[in-house]
Every structure is written in C-alpha cells, then in structure tokens.
1. I'd like the accessible area for Leu574: 1.4 Å probe, protein heavy atoms, all chains in place, Å² to the nearest 10.
2. Carbon and sulfur: what percent of the stretch 518-567's accessible surface (1.4 Å probe)?
3. Give me the number: length gained by fully extending Asp719 to Val593, i.e. 0.36 nm times residue separation minus the C-alpha to C-alpha distance, one decimal in nm.
4. So if the hydrodynamic radius of the stretch 518-567 is defined as the Kirkwood radius over C-alpha pairs, what does Stokes-Einstein give as its diffusion coefficient at 37 °C and 0.692 mPa s, in µm² per second?
5. Tell me the per residue accessible area of the stretch 518-567 using a 1.4 Å probe; a whole number in Å² is fine.
6. Carbon and sulfur atoms: what percent of the 1.4 Å accessible area of the stretch 171-272 do they account for?
7. Based on the Cβ-Cβ distance from Ser486 to Leu647, what FRET efficiency comes out when R0 is 41 Å, to the nearest 0.05?
8. How do 301-309, 582-590 rank on mean C-beta neighbours within 10 Å, highest first?
Amino acid sequence: MFSLISFFWFLQISFIFCHLSDPKCFWRIKDTENKLGDKETYCLFYISTKHGYVKNDYFSWNLDKQVTPKTNHLIFSVYLALEEINMNFHILPNISLVVNIECLRQKYDENTSLALQTEEFIPNYYCTDERRYLIIFTAPIWAVTTRLGPFMFMYSIPELYCGHFHLSLSDNEQLPHLYQISPKDTSLSLAMVSLMVHFRWNWIGAMITNDDHGIQFLSELRGEMQKHIVCLSFAITILTEHSMARKEFHRYFNTIVMSSAKVVIVYGDYTSPIDLVLHLCKSKGIFRIWVSVSQFDMITNLGDFMLYSSSGTFIFSHQKPEISGFQQFIQTVHPSNYSSEFSFAKLWWTYFRCSLPPSNCKKLKNCPTKIVFKWLFMTPLGMAMSDTCYNLYNAIYAVAHSLHEMLLQQVDTWSNNAGKELEFDTWKMFSILKTLQFVNPAGDLVNMNQNLKQDTEYDIFHIMDFQKDYGLKMKIGRFSGHLPSSQQLYIFKEMMEWVIHVDQILPSICSIPCRPGLRKSSQEERDICCFVCNPCHENEISNMTNMDQCVRCREDQYANEDHTLCLQKVVSILDYRDPLGKALAGSALCFSVLASGILCVFLKHRETPIVKANNQTLSYILLISLVFCFICSLLYIGHPTTVICILQQITFAIAFTVATSTILAKTITVLLAFKITIPGRRMRWLLVSGVPKYIILICTMIQLILCGIWLGTSPPFVDADVQMVHGHIIIICNKGSVIAFYCVLGYMGCVALASFTVAFLARNLPDTFNEAKLLTFSMLVFFSVWITFIPVYHSTKGKTMVAVEVFCILASSAGLLLCIFAPKCYIILLRPQTDSFHKFRKTHSKAEI
C-alpha cells in the first residue's frame, strides 16, 4: 500500500500540469505474472451479414479463446463497432454485421522460426444455406498476412490488413486482394528529426530492421537529417532471421556502446530480433534515450518496457480521438475479468484527465486511503485504444458504409428482396471501400484512399518507469506535417518542465557547441556535426551558438573583446577640448606671441649695429614667416574641413619655404659680404642690387608652382579612417597625392639643406656680428627634428599622428626662432653696451695692434 500511495503522490504534480494543457495522461500497473507481456496474437476477423438485428450475446462465445489480454482489446474494438452499427438504423437498416474470429497460436521451434496453427480452414466454395464471408480483417503481424495472402486470394475473399502500415503489403501486383487501412508514415522521419532539433540533439544513432520497410525509413531519415543538420552516428540494420541475428548481437551491442550518441531511433518490425538487442542493452546497463513508434510501446514477458531507459522513452503515435464508451462496453461484455480499475491498468494504459486533487488534501501523503482511491477513480477514467484497435474499429465502419453505399445504388433490388438474405458483391464492396471517406462516431474523418491521404499527424508521448511496478506515460506534444514548418512541432512546455528537466536532458552531440564569439570549422573526413571552434577574426562577431560564419561589423562599428557584439566606433580627432590639443594650441600661441615680440624688439632697435649688420629686412621676413609657421599648426587642431585640409598643407609648405629660403638668403649675404672685401673681386654689385632678396622670391615661387600642381591634380581632402585604430573613427586630412606631398616636402628639404651648407661654409668668417654659426646651429636643429619626425610619424596612429606632426612644426619653428634670435635679443636687451660701433672699433683696433 505504501508503494501505491507513493505512486499517487508522484502523479499529483502531473495532474496539475495536465489540467493546464489538457493532454492525456496514462498510467499502468505492470503485471509480472503474465508471462506473455503485451504480445499480440495474430487474429483473423471474418465479416459477414445477417438479416435483422443480432444481439451482443450472439458472438460472446468468441471471447473464450486463449489469447493475450492485449489481443482481447482488438476483439473488443471490433465488437464495439459492430454493436454501434447494428443498433444504428441509419446504417444498414434491418441488416447486422457479424464477425467470426480465429486467432492463431504462435510458437517457436528449435530454429526459432514462426509456426502458425489454426483450427479452421476456409474452403474455396460455400453452400447455399451457408453464410458467405464478405471480407477478412487481419492484424497485427504483417509477416503472417504475407504468408496467408496466397490462400486468401485463392479463396477469392478480399482482405483488409489493420496492423501498422508496412511497405511489403502495398504491392498490388503480388497482393491484389489485400489493402491496408493504416496510414503511411509519410512524415514520421520529419517528425522525429524535428524533435531532435527541438532538444538540440545532432548526433543520433538508428536501429532498424533489415527489410524494405526499414531501409526506406532509414533513407527518408537520412534525407531529413541532412536538411536539418542532424548527423547519424551509426545505423544498425538488424537481420530479421533470429539464427543469423544472434551471431551479430555483440557487434550490434558494441556499436551502440562505442558511439557517443545518447539518442537512438528504433524502427521496424517489433517481432524481429530487435527486442533481443534492446534486452541485451538493458542487461548490460547501457541506457539510451529511445525514440520509436507505438508498436514498440509494449511490456515484455519480464514485466518491463521493451524500450527501457532511465532517461525515458519518446513514442510517436498516430493521432486518434477518444472512443467514448469503450471501457463501459468492455465491462459489459466481459465483466468477470474487468471488475476493477486495477484490472484495466494491468492490461493496458489507462488514461485520466489529470484533474486537480481534492481541496481538502493539500499533501497526498497525508490523505486517507479512501480519499486517494476516490480521487484516482474520478470520472472520466477510461481505456486507451491502441493504433491497431482503432484501425479495426474504423475497418468495421468502412465495411458498413461500403455496403450501405451499395444498397443505395440498388434500391430497387433491395425492395424486391425484402425479407430475404441479401447477396453482396464482395469485390465491388472492396472497390468502394478503397476510395471511401466517412466520419466515425468519434468525429474523426477517415480516408480509406491511401493516395489521397494527407501527412499523418502524430502525438508525442514520454514513457518512464516509476519504482518497479508502475509506468507513467505523458503526452508532451504533437506533430502536424501539413502545417508550416515553424508550426509543425508543438511541445507542451508545462508538461516538459515537469517530465524532463532541461538540465537532466542528456546531450547527444558530437562536438561541444561553439559559444558566441566562436565559429564552427569542419574537420576533414568527419560529419558536419563534428567540428572545432575557432575565434572570429578581427572586427567579426557571432552572437549565437554554433554559427558557421562570423558576421563582419559595419565600417562604423567594431567588435567587442568577446566578439559577440558590434559597438559603435568613437569619432576621434585632435580637438581643442583634449588636454593634448590644449597643450599644443597653447604652445603655438605662445611661440607666435614670442616671435611677434621679437619682431617688435627688432623694429624698436632697428638702428642698432646688431640689427643692421645682418640685413634687418631679411630678419623681419624670417620673423614674420616663423609667426605663420606657429599659426599654421593651429589648422591641424579641431574638426577638419576640405578648406582647412588644403590650408594645412599649403600654409605649412609656403611658410616653411619662406623661412628656409630667408635663412639661405641671410647666409649668402654674409658670404658675399666677405667675398667683396677681397682685392680684385668685383662682386659688390650683387649686394647693391639686392640679389639675396630675390632668392626668397624665386624659392617661394617654385614652391607655389608645386602646390598649384598638387591642388590641380589631387588636392587634400577630409577622410575617415576606420581601420587605423581599433574602436575609433579617425577624422584626418588625406594628403591626396602622396607624390605631390613628398615633392613639396622634398623641395623644402632641399632649400633647408642648401641653407645649412652655405651657413656651414660661412661659420668661421671673422665678424663681431656674424650670425653664420647661429644659422648653422638652427638648421642643424631643424634637420634633427624633421629627420626624427619621419619614423615617429609613420609609427603612430590616430590623433597621436596628427599631434606628432604639430609638435614637429612647433619644435622646428621654435628651434629656428630661439637659435637665431635668442642671442641677439640677449645682447639688445641685457647687454646693450656691446651693441655699438664704438665698441666694435675699439675691439678692431686692438686686433690690428
């Protein structure tokens, strides 16, 4: 009793969830005393007609046969349909359908080959007073139907097979008298693969029987797997002959054990040696998540599920409505064996509506036993029909509707033969039956035409063991092949969360999923499901698991460190608001003011010898050009425009060309001043005519021509560099023509080099106010700055590169300013006594003595 109460406590939560989603719940008490288990006995149902109403007592003797409990359900479904038809005055009025049932006893000889025995043979003739059979129903073993087929054809009686659909029975040329009522499994492979995709299982095993039916299913399964990127780890084909299959058992077993697949699809003939392989796996403690069809939903003679798994089993079953009154009919027909609900549960799955528990019983373990039983047996509680039972039930109605159609076509003949036994053309009835459509009492549209049947709809069940003696079966979803692909599979989330916790689902994968930020890379000679994970390339992301290719971020975006998200790049410029921009701008202004101040000092002391001695006009020009050099550096700070970009390069080139050419003119002036004092030299006219001043003009004009060519061919423009610095968009001035830029820069360097050379030659000429040494040193500083600039400039990125360029402009300009004019300002402002011709003459006189 304790185990029973524990079982009910286990079901309490399921009642609640089932009530929410309204799927059916099933439970069963395993009957270990029944050595036959759920094995179905092969039966033949001979259908004939009889005038008038035939009571149920007429065929109650058929139930006395020695058959398994599951076979009794097949018989009950036939009798239920007969009782409903015979009592319905709208179908075959005043005509009853009668059935004679013959079940074959099965046994296995020493070679384990199937032997069939029957007590009745159907002659190929019938007497006038004898009842003739219209049609024969056979179920559920297809192999027996195949063997008996030639005999049925010889007896000229059509046969309707009501077991699970099998490809071998669809050959109309070999079996013209045979027809199958069970629908084809047209979308079973798609349904199973959809379940795999839902649980993210991509590494699957398959175990099928080695016959045409199994091979075709495997072919369809491979096709669907390929479409949905689900890979087949192994495919075992079980030989149908027991003697040969036994030799391969260990090979089958080792294949399952060695594979990393945790999910195995089982399909084929359940009467084949496939059950022995499953039993071997269980005995060795090898458990997998089995996925199969309803014919494998059975209990073995050991009292266990055929597909036993600690993780549960998924079963696909054809959708069928509930047949009301099935349980009551069984209890009415044979009440001695079905006097209690426990008897139903022992024989087959018993369904319940999963109603809520009693309000006065918050915890089931504290409930009295009477309340527990009352709660469990709350109506409705009924017997679940198997697929074969439902096929037999519909087959009876198909025969009735076919005969009724024949009667409507022969109303006159029926009226003339009133009160007599009617003769029906069995083959005409068989022809009508194969194209018939009707609605059964359960409201289900039954289409007998296999060619016009739509995709089969499936219910998905999860079966698991509870303790030792009880089984629990939950409907967790459904599959409808005719719906759009995104709506075909529907899983009851509430049921799944209770039946299977997400954390407890065994992963059936070949490789660990690639997290976001990684991409899959296939391995040579391995399935597509077996891969390695590699990081995304620079500026690429993958924001989902198992992405085949990384997605590249837009030009204005960049990938984060984990390569899972594209972030907006930051616009970066050397701005006045930045500390670096403020420092450089402040330095430029300070040096500009300093240069302007020096110019004012020179203008104020223009009559002094030190100002006059070195060509004061050239000094003024040099100071003004240096002011422009300092000011032009401000053009590099702030957001650039096209005009600013042009002014940057042109102002820089012209200002520095004027400055260097002025220094060249000053050095030439000094050199000429000493050359004309040598006797015999007639070069005074060069100084008098102001030739050095023309040097500035000529050099500047050449630079202006070069700048004009630059602007005319490929002028500078505003550019956004998105690749230079990670995560930043650098707004810079593109030089346009790089050749033109280096031509301008090279020309300026040539002028500076000429200035340095001339100054170097004149550095030792005797003169109190000779500034050749100062010019030489200033040009040495100038070259040092710009030679250092080139490698540093090309090694930096972003606004730092612009800052280096500004710094070099300021440093070189400041070098010229301080090296040339700082000593002069020192003499003018701090030692004015030395800045006089009197001092100069005194010093010169001493030199002569």
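1. Near enough 10 Å² of accessible area.
2. On the way: 1480 of 3300 Å².
Carbon-and-sulfur percentage of accessible area, whole number: 45.
3. That works out to 42.1 nm of additional length.
4. Working: Rh = 11.3 Å.
Value of D from the Cα-based Kirkwood radius: 290 µm²/s.
5. That works out to 66 Å² per residue.
6. Here it works out to 48 percent.
7. Working: r = 61 Å, r/R0 = 1.49.
The value I calculate is 0.10.
8. Highest mean packing first, the order is 301-309, 582-590.
The values are calculated or read from the model by the stated rules, or taken from the named source; none is laboratory data. These numbers were taken from a predicted model, which means no experiment stands behind them. Note that we place each Cβ from the backbone using ideal geometry, even for glycine, and neighbour counts take in every protein chain shown. Just the protein is used for accessible areas: all its heavy atoms, side chains included, with ligands, DNA and RNA removed. Shrake-Rupley method; radii C 1.70, N 1.55, O 1.52, S 1.80 Å.
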